[in-house]
Amino acid sequence: MRRATILGATGSIGQNTIDLIARNPQAYDVVALTGAGNIAQLAADAKLLNADLAVTAYDDRLDELRAALAGTGIEAAAGQAALTEAAARPADWVMSAIVGAAGLAPGLAALEQGATLALANKETLVCAGSLVLETAHKHSARLLPVDSEHSAVFQALVGEEIDAVERIVITASGGAFRDWPLAKLKTASLAEASQHPNWDMGQRITIDSASMFNKALEVIETREFFGVDPGKIEVLVHPESLIHAMVGFRDGALMAHVGAPDMRHAIGYALNWPDRKDLPVPRLDLAAVGQLNFSAPDEARYPALRLAREVMERGGLAGAVFNAAKERALDAFIAGRIGFLDMAAVVEHVLAQIDAQPGLIDAAMTLDNVIETDHLTRMCVDRHIS
Ligand code: NDP
């Protein structure tokens, strides 16, 4: 039996992971499930999978969680420290699917106990890439990608040398506003930004897809995960979302990963790695698809891509600033305080403001420094918006 923990179990990735584990329950000993506000789902899944522990991120929801688990023998806990403790409980495989920078500390705790970390939470690598990789190395822990693009690259690289890679192309659907006239974008509403043309995902990542902040984070994640030069990473708009990524090699070969837009493919690959096992994902009928389309991204429409390149060039803690500014600007958009296009403008302004503070971005990459930088950045966004 493999001991498994799911961080962010109640979210879109978490639920897809539970779907796969619940199809083969005798193979897994579920150590811990974590969530935040969705207590009913958390308790139901903890019972379904007979988990040892269920944790909500919110201290004030502990009584509710306890009540929902009464009589089951499943332990309940709450708060940020409890999340990290859940991740530190001995497990063979940990899914990192908390949304946002909140996933960083639990992810590091999972690596410190030597678990294989299936990484959906891209923010972990964007905020603290070198710290995460060093921690994994130090504790002989393995990091496996779950983002569909990174899983695709990882699969295309099996048996290959990274030195033979000429370029990595990650695809982007173009999000909800791909075909909107540029001038109309400033009027984009929350409801419109929350509809993805191809993928069924959590609200935050769906809005980030419309703005391409999600792709911007993925470009940085690609750089950190595969250690390639930023100049070798390309983004290609591919509205059908069937090719998730391609790897170009020095001999001109271009290896593409093609699959239906169903996250259980990438999750299942990370769950079964290094084996391939049956997965309940739709099989593609390319004759029925008929045609695939590609175009270069328009950086005027998607300024987040330019910002990601600037962040990679800047290095240090610039990724943590970028992510925190993006998260806070997204909060403000969701709350109706700023418009859709304002998000990129806010992030660019705050990046420049934080960079002007001597020593901040160049501070050592420790968990404390990343958390402090994250807090300072969020405050800076709030001041700028108010
Ligand atoms: P969701 O919003 O659907 O789920 C987020 C999860 O995190 C939920 O379990 C939520 O709990 C929990 N959570 C929210 N806030 C906190 C907090 N402050 N502390 C601890 N836990 C918290 O997100 P997704 O599943 O869509 O995405 C999760 C991660 O995976 C993100 O980093 C995203 O970028 C990445 N990803 C997602 C993909 C997708 O298809 N959805 C594809 C590739 C990557 P609750 O629901 O109980 O409030």
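We did not get these values from a lab; they are worked out from the coordinates using the rules stated. Source: prediction; values computed, not measured. All Cβ positions, glycine included, derive from the backbone under ideal geometry; neighbour counts span all protein chains shown.
When +1 charges are put on Lys and Arg Cβ atoms and -1 charges on Asp and Glu Cβ atoms, the dipole computed for region 21-94 relative to its Cα centre reaches about 200 debye. Remark: for residue pairs Lys184/Lys215; Lys122/Lys186; Lys184/Lys232, the C-alpha separation exceeds 25 Å in Lys122/Lys186; Lys184/Lys232.
In the frame of its principal axes, region 288-372 has Cα extents of 54, 30, 23 Å, reported largest first. At q = 0.07, 0.14 Å⁻¹, what is the log10 ratio I(q)/I(0) for the chain, with the Debye formula run over Cα points and no solvent? After summing over all Cα pairs, the log10 values are -0.30, -1.29. The value of relative contact order for the chain, using C-alpha pairs under 8 Å at least six residues apart, is 14 percent. Each eigenvalue of the Cα gyration tensor of region 1-118, multiplied by 5 and square-rooted, gives one semi-axis; in descending order these are 18, 17, 12 Å.
Approximating the spin labels as points 7 Å out from Cα along Cα→Cβ, the Arg306-to-Glu161 distance works out to 3.9 nm.
For a test of the definition: using alpha carbon positions, the gyration tensor, and the 1.5 limit on a/c, classify region 269-327 as rounded, prolate or oblate. Oblate. With Cα atoms as the point set, region 37-94 shows a radius of gyration and Dmax of 10.7, 30 Å.
Shown for His244, His384: other C-beta atoms within 10 Å of each C-beta, ranked fewest to most, produce the order His384, His244. Remark: relative contact order (region 153-276) = 37 percent; criterion is Cα-Cα distance under 8 angstrom and separation of 6 or more residues. Projecting the Cα atoms of Leu65, Ile21, Ala110 onto the charge dipole of region 16-114, computed from C-beta unit charges around the Cα centre, puts Ile21 farthest toward the positive end. In summary, the helical segments of the chain meeting the span-like criteria, namely a full DSSP H run, a Cα extent along the axis of 18 angstrom or more and a mean Kyte-Doolittle hydropathy of at least 0.5, are 123-138, 318-334, 342-355. Spatial offset of region 135-174 relative to region 364-386 amounts to 29 Å, using the alpha carbon center of each. In terms of its Cα atoms, region 211-333 spans 42, 38, 31 Å along the principal axes, sorted from long to short. When each of the peptides 95-107, 162-174, 130-142 is scored by how many other beta carbons lie within 10 Å of its residues on average, the order from highest to lowest is 95-107, 162-174, 130-142. For trypsin sites (Lys or Arg not before Pro), the sites in region 278-386 that DSSP calls loop and that have at most 15 other Cβ atoms within 10 Å are Arg283, Arg337. Among Pro230, Pro274, Pro282, the residue with the largest mean-square fluctuation in a Gaussian network model of the chain, with springs joining Cα atoms closer than 10 Å, is Pro274. For region 268-357, applying the loop criterion from DSSP together with a ceiling of 13 other beta carbons within 10 Å to the chymotrypsin sites (Phe, Trp or Tyr not before Pro) yields Phe294.
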